Structures are given as C-alpha cells and as structure tokens.
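Worksheet: one structure, shown below.
Throughout, read-outs are computed from the coordinates displayed, never taken from laboratory work. Please read all numbers here as calculations on a predicted model, not as lab measurements. As a convention, Cβ positions derive from the backbone with ideal geometry for all residues, glycine included, and neighbour counts pool all protein chains shown.
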Amino acid sequence: MRQQTTGIHHVTAFVRHAQATVDFYSGVLGLRLVKKTINFDAPEVYHLYFGNEAGSPGTAITFFPWPTSRQGRIGGGQVGITSYVVPMGSLDFWKSRFEKFGIAMTLTRRFGEELVQIEDPDGLRIEIVEREQGAASKWAFGGVPADKAIKGFGGAVLFSTAPARTAAVLEQVMGLVKISEEGDFVRFQAAGDLGNLIDVNVAPMSPGTGGAGTVHHIAWRAQDDEDHARWRSLVDESGFRPTPFIDRQYFNAIYFREEGGILFEIATDPPGFSRDEPAETMGNKLMLPEWLEAHRAEIEEGLPPIQVRVLEADQQ
Ligand code: ZN
C-alpha cells in the first residue's frame, strides 16, 4: 500500500526569550506547555513543547529559546506560516483577544477561508483559521475556554526555493494529494484531520536565513516504529538521504532535506509526552533524559526560570 502521512506531527522553531515564548503560546494562545526539557545537544538551552492537553501529534509546536540567537529571515526553504485551527464560530473571539493584547493582525483569505495572521514575539508567522475538522482541545487556560481553544495545526504554508520539487516530494513521497490551486498557492491534503492542509507558495522565493523567528523543521507523522521503518526506506529509495533513526524521548525521528530547501522530519506518534511524567502534571517539572539526570543541578542553574502564568490582561 502507498505510504501516506496523516499530516504534521510537530513544528520546531527558534526564538530568543523563553518567558516571552511561554507568555505568548500559553498566555495568549492558551496552549498547554506539555513538556519542559532541554536541547539534548546543548543543555544550556530549553526545549519547550506546546500543544493541546496531551500534546497530541498534530498539535505540538516546539521551541529552542536561545537569547543570543541572531534574528532569522523568513524565506525560501522554510515553513513560512504555521496555521492553527480553531472551532467554527470562534474567529471573532480570537480577533478580540489579539486586539486586547495589542497584537497586530492581518485579515486575509485563502481557498475561501478567512484567516487571521499574526506574529509571535520573535516574528514567527502564525495564522488562525476556523474548521469543523479536528478533535476539540480539552485544555482551558487564562482567557481561553476549551470551546474556543486551538485544536491543533490546520496545516502550514511552505516557502520553497524550488516549489515544483517541494510539491513533488509532498505528492510522491509523503503521499499528500493536490486538491486545489489559487493564485500563488497550491493546496495539498494529507490523510488525517489535523495538520492536514499544506499550501505551497509557488512564487519564486529567495532562500531565508535560519535564526530567531523562523521555523527550523516540519515533522510529519508516522504511526509507529514499523511504519517509521517503511518511511525511511521510501525516503531513501526516493533519492533523499535520511538520517539514521534518532531517539527523541517522546518520539523517534528521521530527517532529510527536500530539494526546495525545507528540512523534513518524520516522527512516530508513540510514545508521546506522558512517557516520563504523569499526564496531569506534564510540563511542570524540567524533564531530563537519563544520561543527563546526574547533571540536573548545574543544568537547572544555567537555565532562566520560566513560569506559565495568566497574563495581566486576562486578570481584569
Ligand atoms: Zn522535530
């Protein structure tokens, strides 16, 4: 049978400030900080994961906050815009919310849908769209009740240095189906109901520069280790160079760069974020892999304290 991903597993981006990131993604967007850990290759840097109540695949955005990072430039070879999906009828709630927080909005339309586009504190481009599809989030925080909460990713807009090549890898390797074209955009659909609509901007795009405010990679879902092995073979047979399987604690990963310059990861749904701490208290404690547990004291010492907090505008 043909390999088909159900959609986005997670998106990983670079930012500068850990607390500003927590305040934006939890405080404003109402997502749950589902995991507080570190960059396993650079223990002085956090790795923060935000998602729905479980950080389910298709809902998780992850960050490496690096205070001295240079500012990146969004461009070809990157996820240009990360799309979040909210329940039908909740877009006005989100518009008022962004207004309340003084966040500048651009209102636009694509493929017949109304979009609210904003930037996070580091300039990462985010958009919000209403859709029926996707399970409701069970997480409520601050001024965001569960019935208005972000369900997860709607998809992403890919900026490519070679859009036709990027389109080809989506169709021929990842198993997405081209469903529509409009202006500069071609829309592809994955098999699942979250993180499943991927728009490729076909306008020629000069390469972006990595750094704060840019997406580092987009990860696609694999069902389990067996499916992951099939993906790795397929990527390899398709002429790309996948990395070996890498244990990321909460999923297993392989990476490869597609010809439009975008770094793709394929990540397994299991084991998920409750593998090393209880689901009820996920995100509260700094979690370390076993091999770094012996260095906990010095690692904690080197990290700026962060706090998930209800923001002032929500306290009135
Ligand atoms: Zn990743």
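Taking neighbour counts of Cβ atoms within 10 Å as a proxy for exposure, in what order, fewest first, do 2, 232, 32 appear?
The most exposed by this proxy come first: 2, 232, 32.
Normalised by the empirical 2.2 N^0.38 Å for globular proteins, what value does the Cα Rg of the range 8-314 take?
So the Cα radius of gyration is 0.95 times the expected 2.2 N^0.38 Å.
Would you kindly give the portion of the calculated P(r) for the range 178-295 that falls above 21 Å, as a percent of all Cα pairs?
Tail of P(r) above 21 Å: 55 percent of Cα pairs.
What are the ³J(HN,Hα) values, in whole Hz, obtained from phi via the Karplus relation 6.51 cos²θ - 1.76 cosθ + 1.60 with θ = phi - 60°, for each residue of the range 235-251 in sequence order, with x given for Gly and Pro?
4, 4, 5, 7, x, 8, 10, x, 5, x, 5, 10, 7, 9, 6, 9, 6
At a Förster radius of 35 Å, what calculated FRET efficiency corresponds to the Cβ-Cβ distance of residue 307 and residue 40, to the nearest 0.05?
0.90
So for 56, 233, fewest C-beta neighbours within 10 Å to most, what's the order?
The most exposed by this proxy come first: 233, 56.
Once you wrap a convex hull around the alpha carbon atoms of the range 30-166, what is its projected area averaged over all directions, in nm²?
9.7
Explain nothing, just compute: Karplus ³J(HN,Hα) = 6.51 cos²θ - 1.76 cosθ + 1.60, θ = phi - 60°, for every residue of the range 24-39 in order, whole Hz, x for Gly and Pro.
Here the 3J(HN,Hα) series is 6, 6, 8, x, 8, 7, x, 7, 8, 6, 8, 8, 10, 9, 10, 5 Hz.
Do the sum for the chain: with -39,500 (n - 2.57) for every DSSP H run of n ≥ 4, divided by all residues, what is the mean residue ellipticity at 222 nm, to the nearest 500 deg cm²/dmol?
-4000 deg cm²/dmol
Using the count of nearby Cβ atoms within 10 Å as a rough guide to exposure, how do 131, 257 rank from fewest to most?
Taking fewest neighbouring Cβ atoms as first place, the list is 257, 131.
Given H placed 1.01 Å from N in the peptide plane, which residues other than close sequence neighbours of residue 214 have an amide H under 5 Å from its amide H?
Sorted by chain and number, the residues that satisfy this are 14, 72.
Can you tell me the order of 289-295, 199-205 when each peptide is scored by its average per-residue count of other Cβ atoms within 10 angstrom, highest first?
With the highest mean Cβ count within 10 Å placed first, the list reads 199-205, 289-295.
Roughly how big is the range 8-314's charge dipole about its Cα centre, with Cβ charges of +1 (Lys, Arg) and -1 (Asp, Glu), in debye to the nearest 20?
Rounded to the nearest 20 debye, it is 480 debye.
Past 22 Å, Cα to Cα, is the threshold; run 35/100; 36/148; 36/138; 95/151; 35/151; 95/148 against it and keep the listed order.
Pairs exceeding 22 Å: 35/100; 36/148.
Run the dipole for the range 46-192 about the Cα centre, Lys and Arg Cβ at +1, Asp and Glu Cβ at -1, nothing else charged, and hand back the magnitude in debye, nearest 20.
Computed about the Cα centre, the dipole is about 240 debye.
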